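The values are calculated or read from the model by the stated rules, or taken from the named source; none is laboratory data. The structure displayed is predicted, hence computed values, not measured ones. Here Cβ is always computed from backbone atoms with ideal geometry, including for glycine, and neighbour counts include all displayed protein chains. Side chains are part of the model used for accessible areas, which takes the heavy atoms of the whole protein and leaves out ligands, DNA and RNA. Shrake-Rupley method; radii C 1.70, N 1.55, O 1.52, S 1.80 Å.
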Amino acid sequence: MSGDGASGIRVLVVEDDPRMLDVLASHIERMGHAVRKARGAVEALQLLEEGPADLVLSDVRMPGMDGRTFLQVAGQRFPELRVVLMTAFGSIDDAVEAMQAGAYSYVLKPFKVELIAAVLRNAAREVALGRERAGLRRAIGGKWSADRIIGTSPQIQAVRRVIREAAALSATVLVTGPSGSGKEMVARAIHYEGPRAARPFVPVNCAAIPEPLFESAMFGHRRGAFTDAHESQAGFAEQSSGGTLFLDEVGDIPLSQQVKLLRMLQESEVTPVGASRPVPVDLRVVAATHEDLEAMVHSGRFREDLYYRVNVLRIHLPGLRERPGDLGALAEHLLLEIAHEHGTPALGFTEGALSALSGHPWPGNVRELRNVVERAALAARGRRIDSTDLPFAAPAPAPACATAPAAIATLSEVEREQIEKVLRLCSWNRSAAARILGIDRRTLFTKIQRHRLAVPGGRDPDGDAEG
Ligand SMILES: Nc1ncnc2c1ncn2[C@@H]1O[C@H](COP(=O)(O)OP(=O)(O)OP(=O)(O)O)[C@@H](O)[C@H]1O
Ligand SMILES: [Mg+2]
């Protein structure tokens, strides 16, 4: 119909004049939309309870409940509903008021059919976009379902079961386990297996946010709240509203900020920096840590009250060494995944390779296994992976730290990464970044040049020449 990919939507027409109601309905049907008719606001509410509509076209002056009251009631009961009010010519105040009261649009009576067609086309485009987004999220969600967490060990089977149970609830989940054991995978599965799957999953690495920026990053800020706050910005908490906020490395939240986080979890609201009033947030929090939070509570590095608020449901991922039965299946699965990514064949492992894999201690757990398999697949160049292709089975006796040399960065790489991270957090404002990094601006500038760090878009957020 409309030629832009949008298809018909579900429209409900509310009009007390029966002749007008029929005329309107048949026009809208001809435009390619599905129409239901109501003689008044009360009947309209009943029809909406029976089945959803994408848009309601309602008269304002009707006996009984008028259009404005209907708008109010329907808006509360069906927050996603678009209501278009038809107001009589000359009552422009009605129109202004309608928009203020949350109407999607209004049309003046007597109206032109083309005008209604345009409003409906617009709504149809929005509906189609929304469906497309939800579909995309579902497709991404499939990639992150609990089934993708590989392992037949009783521990991993239990993890998959608890994920499915936890997904249906909105209680906070604490995921624990050593580095590289799959904590983020679990967090994503909880989100995508649950009713919030079509809303955002917002991962936040709490260890990566410098303390001075934590509050504004997490809770947002208002324009002018501090020197560099040129625009108001929603924090991670608000961005995840309706979806899931993933607090990774929750043990690294600065003590000074923990009480604010506690308040957010208790009150379901956040106060952006510089705001006078709190903003409500619809939160589902999944937190993860490789640290021993109980020990941190005992030593006073983590608030006890926050610990209890975070540790409502608990999922523990054992290290790879504690579930040796999973190793073979995981290695095969990761090889297939990697082969798919690189477009190379995956012929599996020789007996020798498998026994070398089982003999390894896996301090870096599944992430380390993935790195090892990736390098072995490259070394094997299309053959089956043999023990000699494994990086730790090199001829020279391996020293303790030689298990994953590729994973260890040089000092310069660490410096570059840290500088880039802080610059990004400060929107590339070098003065602010230098303060956080504890160096002067000139030193920072030299380092930016040495590491060839480029400002995205080439603009200079400091607005002054560096000299
Ligand atoms: N059971 C599993 N099945 C398949 N892939 C897995 C599994 N566990 C982990 N992985 C893979 O291992 C890698 C590390 O997983 P993840 O990032 O979830 O670990 P983590 O516990 O969050 O690590 P860290 O503590 O370092 O942040 C990812 O590539 C993930 O896809
Ligand atoms: Mg992680």
Original post:
Out of region 299-317, which residues are within 14 Å of ligand 1 (Cβ to nearest atom) and assigned to a helix (DSSP H, G or I)?
Top reply: none
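Results for (1) within 16 Å of ligand 2 (Cβ to nearest atom); (2) modelled with pLDDT of 90 or more; (3) open to solvent by less than 70 Å² (accessible area, probe 1.4 Å); (4) in a helix (DSSP H, G or I), shown as yes or no for each residue.
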{"residue": "Arg137", "(1), (2), (3), (4)": "no, no, no, yes"}
{"residue": "Gly141", "(1), (2), (3), (4)": "no, no, yes, yes"}
{"residue": "Ile150", "(1), (2), (3), (4)": "no, yes, yes, no"}
{"residue": "Gln155", "(1), (2), (3), (4)": "no, yes, yes, yes"}
{"residue": "Glu165", "(1), (2), (3), (4)": "no, yes, no, yes"}
{"residue": "Leu174", "(1), (2), (3), (4)": "yes, yes, yes, no"}
{"residue": "Gly180", "(1), (2), (3), (4)": "yes, yes, yes, no"}
{"residue": "Arg188", "(1), (2), (3), (4)": "yes, yes, yes, yes"}
{"residue": "His191", "(1), (2), (3), (4)": "yes, yes, yes, yes"}
Original post:
With Leu108, Leu129, Leu115, Leu136 as the choices, which residue is within 25 Å of Ala187 (Cα to Cα) and of a type in the set (A, V, I, L, M, F, W, C)?
Top reply: Leu136
**OP:** Check region 210-225 and report whether any residue there is in the same structural domain as Ile253 (by TED's automatic domain parsing) and within 11 Å of ligand 1 (Cβ to nearest atom).
**Re:** no
**OP:** Inspect region 288-301 for any residue being polar (S, T, N, Q) and within 16 Å of ligand 2 (Cβ to nearest atom) and give the result as yes or no.
**Re:** yes
Subject >> Number of positions in region 217-272 that are touching a Gly at 6+ places or on another chain (Cβ under 6 Å) and within 16 Å of ligand 2 (Cβ to nearest atom) >> reply: 0
Original post:
Is there a residue being in a loop (DSSP other than H, G, I, E, B) and surrounded by 16 or more Cβ atoms within 10 Å (Cβ to Cβ) anywhere in region 336-355?
Top reply: yes
**OP:** Pull up region 73-100, narrow it to residues that are under 31 Å from the mean Cα position of the chain (by Cα) and of a type outside the set (A, V, I, L, M, F, W, C), then point me to the one that is modelled with the highest pLDDT.
**Re:** Arg82
**OP:** Among the residues of region 408-425, write down those that are farther than 21 Å from Arg367 by Cβ and without any contact (Cβ under 8 Å) to a residue 40 or more places away in the chain.
**Re:** Leu411, Ser412, Glu415, Arg416, Ile419, Glu420, Leu423, Arg424
Original post:
Is it the case that Pro195 is open to solvent by 40 Å² or more (accessible area, probe 1.4 Å), within 16 Å of ligand 2 (Cβ to nearest atom) and within 30 Å of Ala146 (Cα to Cα)?
Top reply: no
Original post:
In this structure, does Val127 turn out to be out of contact with any Ser or Thr (no Cβ under 6 Å at 6 or more places or on another chain), part of a helix (DSSP H, G or I) and either more than 30 Å from Arg82 (Cβ to Cβ) or of a type outside the set (Gly, Ala, Ser) (or both)?
Top reply: yes
**OP:** Mind listing just one residue for me: the one in region 63-108 that is of a type in the set (Phe, Trp, Tyr) and not in a loop (DSSP other than H, G, I, E, B) and, of those, least open to solvent (accessible area, probe 1.4 Å)?
**Re:** Phe70
**OP:** Report yes if some residue within region 356-376 is modelled with pLDDT under 85 and either in the same structural domain as Glu291 (by TED's automatic domain parsing) or surrounded by 14 or more Cβ atoms within 10 Å (Cβ to Cβ) (or both); otherwise report no.
**Re:** no
**OP:** Give the residue that is nearest to ligand 1 (Cβ to nearest atom), with candidates limited to residues of region 268-298 that are open to solvent by 50 Å² or more (accessible area, probe 1.4 Å), under 27 Å from Ser179 (Cβ atoms) and not in a loop (DSSP other than H, G, I, E, B).
**Re:** Glu294
Original post:
From the list Leu261, Leu265, Leu245, Leu320, which one is within 12 Å of ligand 1 (Cβ to nearest atom), of a type in the set (A, V, I, L, M) and touching a residue at least 40 places away in the same chain (Cβ under 8 Å)?
Top reply: Leu320
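Per-residue answers, yes or no, for (1) under 18 Å from Asp228 (Cβ atoms); (2) open to solvent by less than 30 Å² (accessible area, probe 1.4 Å); (3) at pLDDT below 80:
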{"position": "Lys421", "(1), (2), (3)": "yes, no, no"}
{"position": "Cys426", "(1), (2), (3)": "yes, yes, yes"}
{"position": "Ala433", "(1), (2), (3)": "yes, yes, no"}
{"position": "Arg441", "(1), (2), (3)": "yes, no, no"}
{"position": "Gln449", "(1), (2), (3)": "no, no, no"}
{"position": "Ala454", "(1), (2), (3)": "no, no, yes"}
{"position": "Asp460", "(1), (2), (3)": "yes, no, yes"}
**OP:** Output the residues belonging to region 20-34 that are within 16 Å of Leu81 (Cβ to Cβ) and surrounded by fewer than 19 Cβ atoms within 10 Å (Cβ to Cβ).
**Re:** Ala34
Original post:
What are the residues in region 173-193 that are touching a Leu at 6+ places or on another chain (Cβ under 8 Å) and either assigned by TED's automatic domain parsing to the domain that holds Glu368 or closer than 29 Å to Gly135 by Cβ (or both), if any?
Top reply: Val173, Val175, Gly182, Lys183, Val186
**OP:** Run Ser232 past the list (1) of a type in the set (Gly, Ala, Ser); (2) in contact (Cβ under 8 Å) with a residue 40 or more places away in the chain; (3) within 27 Å of Gly177 (Cα to Cα) and report the number of the one that doesn't hold.
**Re:** (3)
